[in-house]
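Have a look at the structure below before the remarks.
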Amino acid sequence: MAIAVALVIGVTCAGLRLGAQQPIAAHYLVGPEDTLRIAVFNEDDLTSIYTVDAGGNITFPLLGSVSVGGLTLGEIQDEITRQLGDGFLVNPQVSCEIEEYRRQSVYVLGEVGSPGIYRLSGNLTLIAVLVQAGGTTAQAGDEVHIIRPANGRMLAGPVLAEDGDPGVEVIRVSLEDIRTGRLALVTVLDGDTINVPRAPTFYVLGQVASPGSYVWTRGMTVQQAIALAGGYTSRGSNRGIRISRIVDDTRIEVGVDEDDQVQPGDTINVRARRF
């Protein structure tokens, strides 16, 4: 819940910081079932609402079929202006806005409050989709993966990066950058799979207050890991700490200091003091 709230705050902060920039709708790629409001100054017969058909086209007076699928609003405006100016009108002035967005499907998987298929409308952002899915859980890692069909092809369902499909593009986004608002709004497209992988873990055993498994974070030191486990017991020693670690598929045991960094999958063993 706290992480979901943090994401909501991130939405607000990002909106305040980016408010002076061009609205995100300007970057939206128009597609089938979108409804456009196109106005031509002083031309009431041409000003109307147009629905994009399955082929990505609209039927526009004087021009006939105009291909708008995959274009931004600005590009559609420029294209209609160009065609109208080619023998129909002198210096046409055209504006184009979204009247109604089509419904789009995105798949949300992994460490979120409510994984599933979300049918949403509008120019989707990663933050908004994560909030819709209940935010990330306490077991979430430090990245979100946006898995996108390559070359605009649609997939039959969600896909994970580790599936190794060469026909998908994987975009990795830092959760910390999202929460702090350092990252500009990331647009999610129809058919995307959003996966929040589970964070790697490590173990702390021996003379600590709460032995067990804990979530690993990048740059974590042995001292910080032991603090997560409640610190040393009255018999615990900060000398002779050992880590059991897998290197090249072989488990080894090494001695470490408190300032050494922990790696995913490590088992930290804190020994008792010698009296």
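The values are calculated or read from the model by the stated rules, or taken from the named source; none is laboratory data. What you see is a predicted model, and the numbers here were worked out from it, not measured in a lab. Please note: Cβ atoms are built from the backbone with ideal geometry, for glycine as well, and neighbour counts cover all protein chains shown.
Summed over the range 74-97, residues that are surrounded by fewer than 18 Cβ atoms within 10 Å (Cβ to Cβ), touching a helix residue (DSSP H, G or I) at 6+ places or on another chain (Cβ under 8 Å) and under 16 Å from Leu29 (Cβ atoms) total 2.
The one condition from (1) of a type outside the set (D, E, K, R); (2) outside the structural domain of Pro158 (by TED's automatic domain parsing); (3) assigned to a loop (DSSP other than H, G, I, E, B); (4) at pLDDT below 95 that Tyr214 does not meet is (3). I'd like the residue in the range 207-258 that is touching a Pro at 6+ places or on another chain (Cβ under 9 Å) and crowded, with 18+ Cβ neighbours inside 10 Å and, out of all such residues, is nearest to Ala272 (Cα to Cα). Checking each candidate, the answer is Ala229. One residue alone among Leu84, Leu130 is of a type in the set (A, V, I, L, M) and within 30 Å of Ser48 (Cβ to Cβ), and that residue is Leu84.
Of the residues making up the range 92-108, those that are within 12 Å of Glu43 (Cα to Cα) and part of a loop (DSSP other than H, G, I, E, B) are Pro92, Gln93. Scan the range 185-206 for residues that are in contact with a Pro (Cβ under 7 Å, 6 or more places away or on another chain), surrounded by fewer than 18 Cβ atoms within 10 Å (Cβ to Cβ) and not in a strand (DSSP E or B) and the total you get is 1. With respect to (1) outside the structural domain of Val159 (by TED's automatic domain parsing); (2) at negative phi, the lone exception for Asn91 is condition (2). Taking the criterion of being within 18 Å of Glu100 (Cβ to Cβ) and exposed (fewer than 14 other Cβ atoms within 10 Å of the Cβ), the residues of the range 50-73 that qualify are Ala54, Thr59.
Please verify whether Leu155 is assigned to a strand (DSSP E or B) and modelled with pLDDT under 85, treating the condition exactly as stated. So Leu155 fails the test.
Of the residues making up the range 40-60, those that are closer than 18 Å to Val94 by Cα and among the hydrophobic types (A, V, I, L, M, F, W, C) are Val40, Phe41, Leu46, Ile49, Val52, Ile58, Phe60.
A count restricted to the range 92-117 and to residues that are farther than 24 Å from Gln77 by Cβ and at pLDDT 90 or above stands at 12. Quick check on Glu111: is it in contact with a Ser or Thr (Cβ under 6 Å, 6 or more places away or on another chain) and more than 23 Å from Arg148 (Cβ to Cβ)? Against the criterion (in contact with a Ser or Thr (Cβ under 6 Å, 6 or more places away or on another chain) and more than 23 Å from Arg148 (Cβ to Cβ)), Glu111 does not qualify. Against the numbered list (1) part of a strand (DSSP E or B); (2) in contact with a Phe, Trp or Tyr (Cβ under 7 Å, 6 or more places away or on another chain), Gly265 comes up short only at (1). Residues that are in a strand (DSSP E or B), of a type in the set (Gly, Ala, Ser) and touching a strand residue (DSSP E or B) at 6+ places or on another chain (Cβ under 8 Å) do occur in the range 36-49.
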